[in-house]
1. Going by the structure shown, is Ser226 among the hydroxyl-bearing types (Ser, Thr, Tyr), closer than 22 Å to Cys34 by Cα and over 18 Å from the mean Cα position of the chain (by Cα)?
2. Kindly indicate which of Arg47, Arg39 is under 29 Å from Leu83 (Cβ atoms), surrounded by fewer than 20 Cβ atoms within 10 Å (Cβ to Cβ) and out of contact with any Pro (no Cβ under 9 Å at 6 or more places or on another chain).
3. So is Ser330 assigned to a loop (DSSP other than H, G, I, E, B), at pLDDT 95 or above and of a type in the set (Gly, Ala, Ser) or not?
4. Scan Leu59, Leu49 and give me the residue that is in contact with a strand residue (DSSP E or B) (Cβ under 9 Å, 6 or more places away or on another chain), touching a residue at least 24 places away in the same chain (Cβ under 8 Å) and not in a strand (DSSP E or B).
5. Considering only segment 308-356, how many residues are of a type outside the set (Phe, Trp, Tyr) and over 30 Å from Ser76 (Cα atoms)?
6. Does segment 350-363 contain any residue that is modelled with pLDDT under 95 and exposed (fewer than 11 other Cβ atoms within 10 Å of the Cβ)?
7. Would you point out the residue of segment 189-202, among those that are in contact (Cβ under 8 Å) with a residue 12 or more places away in the chain and within 23 Å of the chain's Cα centre (by Cα), that is most open to solvent (accessible area, probe 1.4 Å)?
8. Can you tell me which residues in segment 1-60 are modelled with pLDDT under 95 and in contact with a helix residue (DSSP H, G or I) (Cβ under 9 Å, 6 or more places away or on another chain)?
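The values are calculated or read from the model by the stated rules, or taken from the named source; none is laboratory data. Treat the numbers as computed from the prediction; the structure is a model and nothing was measured. Cβ coordinates were reconstructed from backbone atoms using ideal geometry, including for glycine residues, and neighbour counts include every protein chain displayed. For the accessible areas, the whole protein counts, side chains as well, though only heavy atoms, and no ligand, DNA or RNA atoms are used. Shrake-Rupley method; radii C 1.70, N 1.55, O 1.52, S 1.80 Å.
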Amino acid sequence: MNAAALKDLSDTLRSHGVDKPVVVVDLDLLDANCVVANRVADAGLARRLVAKSLPCLPLLDFIRERISTSGLMTFSEPMLQALLTAEPDTDHLIGKPLPVSTAARLLTTNHDAARRVQWLIDTPVRLGEYLALASDRQMSLRLSLELDIGLHRGGLNSQNVAELAQQTMAHPYGQLAGVMGYEAHLVKLPGILRNRAVRASADAFNAAVAALPRDEDGLCLNTGGSLTFQSYLAEGAANEVAFGSVLVKPGDFDHATTQAFEPAAFIATPVLKVMPGNALPGLELLPRQKTDIAIFGGLFLAQPVFPAGFGYSEVFGRSSNQEVWTGPRSADVSPGDIALLRPDQSEAVLNQFGTMLAVRGGQVVSEWPCLPN
């Protein structure tokens with residue numbers, strides 16, 4: 001958004017009566033981002049939305065009306081519980097290995113979780129725990145193998161895949177559902193390291209897929225993320241890519257691969273105080289050609305973007321109560337105006353206030369409940 005658009009959004013939110021911090025999603029910008037995602041993602045690959053990055057069911061529904069998806073990637077018990085309850089058929093690929101006790105609770109409270117969830121397995125020990133749970137419940141569990149394809153945050157090397165796949169399939173209640181390989185490191189490495197890492201990552205994923213049983217059809221072969229999903233083709237080993245954050249584009253997702261996307265989510269909070277020429281504590285005799293403002297709340301994982309020219313105060317430091325921003329003396333800002341911040345990330349940020357305002361055409365059109373973390 002340019003400065004004029006940010007001012008318009010701020011005015012819209014003040015007119016709406018915003019009087020405490022809230023997350024705002026611009027549906028016009030989100031619409032445009034969905035169009036871009038459909039254009040840059042290979043049409044031959046399935047798309048899976050990352051729920052933790054879009055933690056609001058109406059938000060997910062809005063996107064799924066525009067982007068055909070194979071399911072969700074889900075990361076926590078509370079969010080998975082809420083989504084299993086709300087939706088009868090959505091397929092969930094767990095995005096990180098959950099303790100087997102978590103799986104046991106979810107299987108107890110959701111009779112069809114075994115049918116709808118791909119539990120992620122990262123080690124032989126965890127595989128043993130999940131197969132023991134399946135035996136105890138006499139319930140077939142869908143198990144997907146987490147691959148280490150260069151990020152080195154855990155997972156299986158390709159040479160271990162065949163053994164664990166066979167062990168899963170040989171168990172009377174084990175069902176091999178697929179593999180998942182995440183490679184967030186690729187776009188963050190410099191030059192020559194990146195080129196080598198891209199090749200190594202592709203080789204590792206290809207080797208893992210090649211080690212899977214050939215007679216297993218319909219496996220989920222998932223990879224990618226918001227910064228990389230555009231780079232995969234249906235001719236490769238993967239049949240599905242995951243993304244989420246890029247659709248609202250928080251600051252951490254500014255990258256050459258996402259230039260066509262626009263920031264679509266903001267934190268909005270009232271300006272409580274405006275202090276032109278505010279004196280520095282202990283240096284009251286020194287004139288100061290700055291304006292300080294105090295906002296409602298603070299210490300948000302986000303960067304100020306409106307009013308124009310304001311940023312975090314180096315004098316007052318960060319605060320979760322009345323955070324002080326410093327800007328130009330000539331700033332046109334008043335108490336009750338709505339300050340805006342651009343989130344650094346979307347996960348654990350977009351749902352931090354419990355609700356989300358949806359804006360379209362310069363009007364607040366809905367208030368959406370968020371999902372738990």
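1. Answer is no for this residue.
2. Working: Arg47 fails: surrounded by fewer than 20 Cβ atoms within 10 Å (Cβ to Cβ).
When all the criteria are applied, what remains is Arg39.
3. Working: assigned to a loop (DSSP other than H, G, I, E, B): yes; at pLDDT 95 or above: no; of a type in the set (Gly, Ala, Ser): yes.
In short, no.
4. On the way: Leu49 fails: not in a strand (DSSP E or B).
Just a single option satisfies the conditions, and that option is Leu59.
5. Our first condition is that a residue be of a type outside the set (Phe, Trp, Tyr); within segment 308-356, this holds for 308-309, 311, 313-315, 317-324, 326-352, 354-356.
Now drop any that are not over 30 Å from Ser76 (Cα atoms), which leaves 308-309, 311, 313-315, 317, 322-324, 326-339.
Residues meeting the conditions: 24.
6. The answer is no, given that none of the residues of segment 350-363 is modelled with pLDDT under 95 and exposed (fewer than 11 other Cβ atoms within 10 Å of the Cβ).
7. Applying the first criterion (in contact (Cβ under 8 Å) with a residue 12 or more places away in the chain) to segment 189-202 yields 197-198, 200-202.
So of that shortlist, the ones also within 23 Å of the chain's Cα centre (by Cα) come out as 198, 201.
On the way: Val198: 68, Ser201: 4 Å².
That would be Val198.
8. Met1, the sole residue that qualifies.
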